[in-house]
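The numbers here are math on the coordinates, done by the rules we state, and not lab data. This structure is a prediction, so every number in the text was calculated from the model and none was measured. Using ideal geometry, Cβ is built from the backbone for each residue, glycine included, and neighbour counts are taken over all protein chains shown.
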Amino acid sequence: MSERAYYLDEGLPAPVPEADGLSKPYWEGLQNNEILVQRCDKCQNWQWGPEWMCHKCHSFDLTWTKVEGNGHIYSWERVWHPVHSALSNQGPYIVVLVELRDYGNIRMIGNLLGDPEQEVRIGAPVNAVLEHHKDNDPAFTLLQWQYS
Amino acid sequence: MGERTLRGKTAVAGIGETTYYKHGQAPESEFKLALMAILAACEDAGIDPREIDGFSSYSNDRNDPSRLAAALGTKELRFSNMQWGGGGGGGSAAVGNASAAVAGGMADCVVVFRALAQGQFARFGRGPQVPTISGDLAMASPYGLLSPAQRFAMKMMRFMHDHGVRQEAQRAIAMASYHHAQNNPRAVMNGRPLDEEKYDNSRWIVEPFKLFDCCMENDGAAAMIIVPAERAKDLPHKPSYVLGVSSGSDHRCAAPSHNAPNYASSSFASVAPHLFEMAQVTPKDVDVVQSYENFTGGVLMSLVEHGFFAAEEANDFLKVDNLLAPTGKMPLNTSGGNLAECYMHGLELQLEAIRQIRGDSPNPVADVDVSIVCSGPMVTPVSSSIFGTEATL
Ligand SMILES: [Zn+2]
């Protein structure tokens with residue numbers, strides 16, 4: 001493996017909160033090394049991605065709650081054909097959908113770190129790795145995954 | 001109040017399309033293409049274009065009904081409707097919305113249309129080339145999950161894992177479309193056949209989709225005219241009646257960041273049962289199938305969720321011979337569809353479903369009474385439609 005700073009070549013769109021700020025705590029949390037997702041104060045439902053209301057009980061009282069970065073691969077894909085100019089020289093890369101079984105089976109998207117041509121196993125345990133892009137303007141942090 | 005159904009209340013009076021082009025190669029403006037397709041459908045129906053009093057489209061078609069009505073010099077405009085949602089998910093719903101307007105007395109002659117000239121506008125398959133991104137896209141784009149193929153590949157990967165579906169099942173779907181296109185002079189891929197070796201040697205776009213699992217992007221326009229059923233007998237063609245239309249998606253299909261409860265799905269799980277209930281037919285009664293190919297895996301899941309076979313039977317059922325007109329068990333995408341005829345956002349599939357009923361398909365299936373279209377798998381909303389001959393009423 002080469003010593004790359006980041007899993008993907010730089011130049012993809014940087015994530016920033018919406019004008020209404022819905023996902024702002026999530027992106028700020030990652031920069032502070034915390035994975036925060038929404039939990040309903042009223043019915044304790046875990047919810048992802050961010051929404052203004054609990055879809056189970058319609059309460060607006062959702063608390064950004066810290067979760068441990070342990071999950072299992074729910075699905076995956078290996079991208080070969082780049083559709084963004086930033087990835088022209090990237091080569092293949094893996095996107096995983098990770099299920100957090102301890103937190104209502106919510107699913108989170110990331111890359112699977114390591115060899116891009118490695119075998120990917122649905123159901124395999126993975127843990128979170130935070131990838132800080134501090135030099136980017138704006139700075140941001142991505143939630144990545146690797147085999148446990 | 002009578003029974004709440006569209007069954008048998010409307011008919012397809014005429015169909016028409018422009019020449020189909022590779023993307024960016026249409027010599028005409030997109031609006032002109034729309035007009036040309038509408039005029040062709042009117043001529044096919046033997047209807048004066050000035051009689052059109054309604055317009056129905058989908059996927060944010062850019063050609064505004066009021067402008068079309070003015071350009072055509074229609075006597076009056078009574079219905080202008082856009083089905084929400086992107087991709088081809090609205091193809092059948094647009095027929096349903098037109099039929100609902102006609103059956104409900106809101107309009108008498110509604111044209112369903114779709115026009116695309118991507119050289120003049122942005123393409124679908126490119127990722128967003130912007131410095132920052134927000135909302136649900138921000139959860140995906142920074143990880144290189146950018147295009148429709150990339151958005152849907154993980155659904156199919158999970159489905160294949162859950163049910164043991166093999167790559168050859170997707171290959172058979174691609175080969176059926178290409179096979180049918182070879183008899184279709186309208187098809188962009190006419191003269192460019194596909195065999196197993198060519199498919200197997202083709203590059204991955206995103207696993208589990210190879211190059212030939214992915215639709216083209218094209219330029220052109222297509223149109224279809226919906227009238228009250230009682231008018232159908234006075235029209236030049238053998239009548240095709242709308243038997244049923246259903247659209248939507250099941251519980252929380254659009255849950256953000258790939259959190260749909262029924263994830264490995266074409267989005268038809270709840271839609272298909274409503275369709276067959278309205279049409280009063282079963283999957284066994286269907287003579288020929290048009291199923292929207294954004295990606296072959298989406299077709300596969302659509303066929304399963306419409307009840308043509310069980311997921312565990314996919315490897316056995318999806319053999320090329322089973323899918324070919326005229327003799328296959330279930331002739332599929334008999335014009336070449338989005339893969340090989342034209343990516344007209346699936347409206348070309350509606351036209352082909354009607355041609356099969358009339359008997360003038362380039363790959364005719366004998367004695368078609370029931371013809372189905374499944375539109376736009378894996379997006380939400382999706383939709384599907386069933387057409388039938390007079391014998392089915
Ligand atoms: Zn709640």
Excluding residues on the same chain fewer than 8 positions from A:K66, give the lysines whose Cα lies under 27 Å from its Cα. A:K24, A:K42, A:K56, A:K134
Of B:K9/B:K32; B:K155/B:K284; B:K284/B:K319, which sit over 20 Å apart, Cα to Cα? B:K9/B:K32; B:K155/B:K284
Where both residues lie in chain B, what percent of DSSP beta bridges are antiparallel, nearest 5? 70
Relative to the Cα centre, what is the charge dipole magnitude of the protein assembly as shown, using +1 at the beta carbon of each Lys and Arg, -1 at the beta carbon of each Asp and Glu, and rounding to the nearest 20 debye? 420
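Given axes a ≥ b ≥ c from the Cα gyration tensor, I'd like to know whether region B:283-393 is rounded (a/c under 1.5), prolate (a/b larger than b/c) or oblate.
rounded
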Dipole size in debye (nearest 20) for region B:314-384 around its Cα centre, Lys and Arg Cβ +1, Asp and Glu Cβ -1? 80
Derived scalar couplings ³J(HN,Hα) [region A:122-138; Karplus, 6.51 cos²θ - 1.76 cosθ + 1.60; whole Hz; x for Gly, Pro]: 4, x, 6, x, 9, 10, 6, 10, 8, 10, 8, 9, 6, 7, 6, 10, x
In units of 2.2 N^0.38 Å, the Cα radius of gyration of region B:185-340 is 1.18
Fully extended contour minus Cα-Cα distance, from B:E390 to B:F121, at 0.36 nm per residue: 92.7 nm
Dipole of region B:256-393 (Lys/Arg Cβ +1, Asp/Glu Cβ -1, origin at the Cα centre): which of B:G376, B:V320, B:F309 lies farthest to the positive side? B:G376
For chain B, averaging the sequence separation of alpha carbon pairs under 8 Å that lie six or more residues apart and dividing by its residue count, the contact order in percent is 25
To the nearest 10 degrees, the tilt of helix B:347-358 (Cα long axis) against the first principal axis of the alpha carbons of chain B is 60
Calculate how steeply helix B:30-45 sits against the longest principal axis of the alpha-carbon atoms of chain B, using the helix alpha-carbon long axis, and give the answer as 0 to 90 degrees to the nearest 10. 60
Name the residue from B:G90, B:P185, B:G135 whose Cα lies farthest towards the positive end of the charge dipole of chain B, charges +1 on Cβ of Lys and Arg and -1 on Cβ of Asp and Glu. B:G135
Isolated cysteines for the protein assembly as shown, Cβ-Cβ cutoff 4.7 Å, are B:C42, B:C109, B:C214, B:C215, B:C253, B:C342, B:C374
Helix-derived mean residue ellipticity, 222 nm - over chain B, DSSP H n ≥ 4, -39500 (n - 2.57), to 500: -8500 deg cm²/dmol
From zero outward in steps of 5 Å, how is the percent of C-alpha pairs of region A:69-148 spread across the bins? 3, 15, 23, 22, 19, 12, 5, 1
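Label chain B by shape, choosing from rounded, prolate and oblate, from the square roots a ≥ b ≥ c of the eigenvalues of the Cα gyration tensor; if a/c is under 1.5 it is rounded, and otherwise prolate applies when a/b is larger than b/c, oblate when it is not. Let's see the in-between values first.
Values: a/c = 1.44, a/b = 1.27, b/c = 1.14.
Since a/c stays below 1.5, the shape of chain B is classed as rounded.
Place a +1 charge on the Cβ of each Lys and Arg in region B:1-151 and a -1 charge on the Cβ of each Asp and Glu, then give the dipole magnitude about the Cα centre in debye, rounded to the nearest 20. Write down the numbers at each step before the final one.
Values: 14 positive and 14 negative charges, 91 e Å.
Here region B:1-151 has a charge dipole of around 440 debye.
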Considering the Cα trace of the protein assembly as shown, what is its radius of gyration and what is Dmax, both in angstroms? 23.9, 74
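Give me the compactness ratio for region A:19-67, meaning the Cα radius of gyration over 2.2 N^0.38 Å. Don't skip to the end; give the middle numbers.
Numbers: Rg = 10.5 Å, N = 49, 2.2 N^0.38 = 9.7 Å.
Normalised by 2.2 N^0.38 Å, the Cα Rg of region A:19-67 equals 1.09.
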Short version: ³J(HN,Hα) in whole Hz for each residue of region B:279-290, in order, from phi by Karplus 6.51 cos²θ - 1.76 cosθ + 1.60 (θ = phi - 60°), x for Gly and Pro, what are they? 6, 6, 10, 10, x, 5, 7, 7, 8, 7, 10, 10
List the residues whose amide H sits under 5 Å from the amide H of A:L97, counting only those 5 or more places along or on another chain, with H placed 1.01 Å from N in the peptide plane. A:Y74, A:S75, A:W76
Kirkwood-based shape ratio for region B:25-79, expressed as Rg/Rh from alpha carbons: 0.96
Note down the net charge around A:P17, summing +1 for each Lys or Arg and -1 for each Asp or Glu among other residues with Cβ under 12 Å from its Cβ. -2
Counting only other chains, what is the mean number of Cβ atoms within 10 angstrom of the Cβ of each residue in peptide B:246-259? 3
